[in-house]
1. If I filter region B:256-266 down to residues being touching a residue at least 12 places away in the same chain (Cβ under 8 Å) and either buried (at least 24 other Cβ atoms within 10 Å of the Cβ) or polar (S, T, N, Q) (or both), which single residue comes out as farthest from residue A:212 (Cα to Cα)?
2. Which numbered condition in (1) buried (at least 24 other Cβ atoms within 10 Å of the Cβ); (2) within 7 Å of chain C (Cβ to nearest Cβ) is the only one that residue D:253 fails?
3. Which numbered condition in (1) in a strand (DSSP E or B); (2) within 14 Å of chain D (Cβ to nearest Cβ); (3) aromatic (Phe, Trp, Tyr) is the only one that residue C:112 fails?
4. Consider residue B:73 against the criteria (1) charged (D, E, K, R); (2) in contact (Cβ under 8 Å) with a residue 40 or more places away in the chain; (3) within 30 Å of residue C:110 (Cα to Cα): it satisfies all of them except one. Which criterion is unmet?
5. Among the residues of region A:325-352, write down those that are among the acidic types (Asp, Glu) and not in a helix (DSSP H, G or I).
6. Consider region B:294-318. How many of its residues are more than 8 Å from chain A (Cβ to nearest Cβ), in a loop (DSSP other than H, G, I, E, B) and touching a strand residue (DSSP E or B) at 6+ places or on another chain (Cβ under 6 Å)?
7. It is to be established whether one or more residues within region D:273-285 are crowded, with 24+ Cβ neighbours inside 10 Å, assigned to a strand (DSSP E or B) and out of contact with any Pro (no Cβ under 8 Å at 6 or more places or on another chain).
Protein chains: 4
Amino acid sequence: MAGNRWGTLFCVTTWGESHGPALGAVIDGCPAGIRLTPEEIQRELDRRRPSTSAASTSRAEKDRVEILSGVFEGQTTGTPIALLVRNTDARSEHYDELRNVFRPGHGDYTYWKKYGLRDWRGGGRASGRETVGRVAAGAVARKVVRAAGMEVIAYTRSIGGIGISPDALTRDQHWEKRVRESPLYCPDPQAASAMEERLAAVRKEGDTLGGVVEILVRGCPAGLGEPVFDKMDADLAKALMSIGTVKAVEVGEGCAVASKNGSEINDPMDAAGFVKNSAGGILAGITTGQDLVCRVYCKPIPSIALPQQTVDESGRERSIRVGGRHDICVIPRIVPVCEAMVLLVLADHWLRQKAGGR
Amino acid sequence: MAGNRWGTLFCVTTWGESHGPALGAVIDGCPAGIRLTPEEIQRELDRRRPSTSAASTSRAEKDRVEILSGVFEGQTTGTPIALLVRNTDARSEHYDELRNVFRPGHGDYTYWKKYGLRDWRGGGRASGRETVGRVAAGAVARKVVRAAGMEVIAYTRSIGGIGISPDALTRDQHWEKRVRESPLYCPDPQAASAMEERLAAVRKEGDTLGGVVEILVRGCPAGLGEPVFDKMDADLAKALMSIGTVKAVEVGEGCAVASKNGSEINDPMDAAGFVKNSAGGILAGITTGQDLVCRVYCKPIPSIALPQQTVDESGRERSIRVGGRHDICVIPRIVPVCEAMVLLVLADHWLRQKAGGR
Amino acid sequence: MAGNRWGTLFCVTTWGESHGPALGAVIDGCPAGIRLTPEEIQRELDRRRPSTSAASTSRAEKDRVEILSGVFEGQTTGTPIALLVRNTDARSEHYDELRNVFRPGHGDYTYWKKYGLRDWRGGGRASGRETVGRVAAGAVARKVVRAAGMEVIAYTRSIGGIGISPDALTRDQHWEKRVRESPLYCPDPQAASAMEERLAAVRKEGDTLGGVVEILVRGCPAGLGEPVFDKMDADLAKALMSIGTVKAVEVGEGCAVASKNGSEINDPMDAAGFVKNSAGGILAGITTGQDLVCRVYCKPIPSIALPQQTVDESGRERSIRVGGRHDICVIPRIVPVCEAMVLLVLADHWLRQKAGGR
Amino acid sequence: MAGNRWGTLFCVTTWGESHGPALGAVIDGCPAGIRLTPEEIQRELDRRRPSTSAASTSRAEKDRVEILSGVFEGQTTGTPIALLVRNTDARSEHYDELRNVFRPGHGDYTYWKKYGLRDWRGGGRASGRETVGRVAAGAVARKVVRAAGMEVIAYTRSIGGIGISPDALTRDQHWEKRVRESPLYCPDPQAASAMEERLAAVRKEGDTLGGVVEILVRGCPAGLGEPVFDKMDADLAKALMSIGTVKAVEVGEGCAVASKNGSEINDPMDAAGFVKNSAGGILAGITTGQDLVCRVYCKPIPSIALPQQTVDESGRERSIRVGGRHDICVIPRIVPVCEAMVLLVLADHWLRQKAGGR
């Protein structure tokens, strides 16, 4: 209840700090009888690691995952699955001089206000490394969700204001492969080149960039989501907004609906089903059986090399430059994290629907 | 756990259907010793009722609230507070001809797929009338939140694409009064006139409009919100996205962050505190002590008088016009609902911080 | 989370005070498509009312239940079921002189210490009348549990030290009928006569009696209950111990196991299944498919007519006699409450097993 | 929600199997700023290890605990505390011949029915080794509880029907030390000798013994516990009944109340407070400020060396003797587990009272 747990039936608790001995997750509620290997989890963790893109850091964590419980002879047993990833490349000395200083845009000040003390090494629990536990748990959720016929894929819509061409959303048979193989998870190679250039330029300036990620769920059955508060879109919004970098979440046409008419936004039906999908696959909080579509707007990484004005714990004004090894843009590394969060939501609602649906 | 409950410590369960005998809420976890009268709850419910604006329906529910438990001699006792509002103006005959038909943009189809049966009268549980319970509970939350020094106020940013002037956000001493007395909860009288004209025109066309609501929290202490999943912004996003009409939620600068640089977005600090508030009062999911600012994007009311194509339960194609008494725009009636949801989030996190903070 | 909620998937919140306007329950998570009438709930509430036994009070509440939501055309819809029972025979004047005094054996002192104020009329929330909500919700749970093939029946094992004959536990075809028709829910008519005599005598003395209730679940499938903390026996123990009068809970052979050998206690199996049932139908917290058997030990009603020494809110010593209308023994009225609590446990675990079991 | 989690605010998830790579616990909700060293946890784990008593196994796990997160510079940070204990002395070959057979009195059959597969090595998750996680988490809870002025101590009341003298409950200044230094946690040295003799005799017979443990909480403030369902005694009953060996839980006078009169059971008050403590320190589910007293009745260890009749997964009848390294009596090793569970309950309710009490 202190905020480090996700889910009602597929219930995940993550733990670990950026520069502590390890990070991990415990999954309580994974159904029994699902085949699961460490390699499947490793693959997702590898996707979260720094890529060859200009966006990425040089911190080179191996992030080797170990399954400590809940799997026997290659299958889940219904008991908790504990996952462990050791930190091996933490270099706290980068943070020594900032130990009493609040880095702008980070949680340094707020954690200090909340708890009265904080692990100042690399942001502690508020570091992006915390998402290791999410991605590891998401890999298990993917097995549950896939067994139910669903696939989740996230991809880059824009970086630093450079958007992809609408054509790049047309999904031919190679589309998914193109996304997965792109260092920026970008379905538009031309846009990707422009993004890389922009990233390289901004890196030189000592600054950072934000971007937009879209998440698509295919094969989602109708009927997932619960009335009123635990709507599918409400849980997606929470799951995605819980990612440190995200400042806005849209479902379906999202913000655009606010300036359209009802006759434009409603999705008519004919004998073959829904005629279009402005709603993003959710009506009254419950899935329609169409693709789910949502988007997140990510802020630029707050760790910039430029001088910034701030204060320390005693209230004294300070000018700092944030050293250490930091990404220039949270995309592409946030893409598997977005997938993980949507997977956690889907696995949970799938089990809830098994218990409570018709 | 079937989705009709909000909160961990200030825990609200709502119940009731549009055309059932009554609606209500039970609040478990309201601290003892808070003065509470039915009139205070009634005042909030009255704000939720149809206004004099062109946006509103003619369904004329009195929405008289009764406190059935948890208050003794004018004070809360720490035991559950049960609130009851009878439905008195439900006219189910309006819905008779639509009982087997799925109205586009509504939850008719998804509830039917989820549960195998549904209360087709006025949308049943998926009706906007469900928010009566939220607003009643929000009125109690307001007492808790106010005792902690916080105030929540929501207002209209745009309707049907007509936005307010940025100047209208400058808060002089009469600003809040202007908002509360505006039939559209709009701080910009000129924009409000234009909105009313547009609403009247769209009503004639048989169509409906969406809009944008901004919610502001003043007096919020630093330290509210929990790490990782139950971040303040994550819970706000869920709370607001759980309102049927909302398709996007932004915090602080929201979507705009995605195309800005880190040096623009980071909020520097000096000895007097934060220099600006791009973050919307939240860093790493925990409040900074600044104002909280978030926005919701509302879709147009799906009940339009124009003919629409749909199907019935047997899959047969149908063309329908939705009769009944419907609003043209969910604003202004959604404004107190947005306030209520933010109040529920704040009351809950306030209690959580009492238990777990320093 | 303030203690007035039971269950994870079949989730019940009860509310109401002894002398407030009403009591009730909200059930969130009842599956859709279950036939449910107010009469079925009324029948269980009627069983909870004072009986013709010498054990009973003269407070004559009608306890008429109203279903306010969640049922449409005679079937549950999957949305919350709100149940309401008005208090009509509350006479607070009986309690006027005790408003500042702590009645021994009651929650007067502890509620006052916890909350700083209390509804002193008839015990407020801590009154036995609170169980109205439990029994009403239990009636709904019974429909779910019965649909899964289970039946729950509770009966009196002893009152005031007068126990039933072991023969009375031999269940012939009329056994259940005998229990249900006995004013003391006692399967042994001779013992019942002796109990009635003892009750009448104790009433004259101004004193009260305790007793033992056994609860039996037939038709329980194997596999209900969760590992480690949410074991079936753990949840039964909590559910039953949460009844105000209960001071001990046993499962299967209960206390007796502590002085036996492993070779006596283990239940062997042969091709036909378990050979005996010392375990009470639960192994490692999960049901075996045998009958569940548990027992509760109830303390005497604390409201006695004899003078008692106590103090008031200012710490002044007082000698009081508790007036009002009180039972002499919590049995038989607690019998349907025990059934209700076991029903709530079973309904919840049945849904949990649907979600998480094989 | 799959049963491996305890608590609402001080929230513990345990994981791990008897013969898996490791066991552990994650604590979410421990307040920040509490001094905590691995040694303090190790000390409690060492108390759980086999003792020099005749009751104990020869499995010689070192049970070295590692703190992986949530502690920084010797203090808790408010973020999750992950605790890890590697299994180093697991010998699965002992179980090879029993892999398809259901050991009487164990969870083999029920886990298989529930999940369709099971980790048959040493009982898997249903093994007593699971309590490693409880004891480790309980050590952290002890720090929280102690900071609030409370102490928890458990001790042996009887083994195999041999009880301690009532005099042994008289607590002089050395009493606690005597209990802690006794290999059987028994406050009566003479009874302890008789118990050891009985244990040695039963070991020779190939059989096992049960016993009774009493748990005492001193320094407990008034006001802990929540109304109706989450009563202090209800949560204690669940916590203790969730220990595999426990078949009955009593609070205060427990079972004995059922045959006494109200005038005997009620605890009068005078100006100095309560005159006696029949209630065990709890009234209406809320603590009175007196000592809490409860007892558990433990069944004999089901792993006996005598031949037993059972069946295998194909339903074929089998006669087995359970080899491996097993205790003769769950006491004394269960004593720290009982303490741990009571500590988890108290830590949680202490935080709940901070949030919700006056």
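The values are calculated or read from the model by the stated rules, or taken from the named source; none is laboratory data. These numbers were taken from a predicted model, which means no experiment stands behind them. FYI the Cβ positions are ideal-geometry reconstructions off the backbone, even for glycines, and counts take in every protein chain you see.
1. Among those residues, the one meeting the criterion is B:266.
2. Single failed check for residue D:253: (1).
3. (1) is the only condition that residue C:112 fails.
4. Residue B:73 satisfies every listed condition except (2).
5. Scanning region A:325-352 gives a single hit, A:327.
6. Total satisfying the criteria: 1.
7. Taking region D:273-285 as the starting set, the residues that turn out to be crowded, with 24+ Cβ neighbours inside 10 Å are D:279-285.
This time we only want the ones that are assigned to a strand (DSSP E or B), so: D:282-283.
With out of contact with any Pro (no Cβ under 8 Å at 6 or more places or on another chain) added as a condition, the list becomes D:282-283.
Within region D:273-285 (the criterion being crowded, with 24+ Cβ neighbours inside 10 Å, assigned to a strand (DSSP E or B) and out of contact with any Pro (no Cβ under 8 Å at 6 or more places or on another chain)), the answer is yes, since at least one residue qualifies.
Each row is one residue, and each column tells you yes or no for (1) surrounded by fewer than 23 Cβ atoms within 10 Å (Cβ to Cβ); (2) touching a Cys at 6+ places or on another chain (Cβ under 9 Å); (3) under 23 Å from residue C:247 (Cα atoms).
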{"residue": "C:309", "(1), (2), (3)": "yes, no, yes"}
{"residue": "C:318", "(1), (2), (3)": "yes, no, no"}
{"residue": "C:326", "(1), (2), (3)": "yes, no, yes"}
{"residue": "C:329", "(1), (2), (3)": "no, yes, yes"}
{"residue": "C:332", "(1), (2), (3)": "no, yes, yes"}
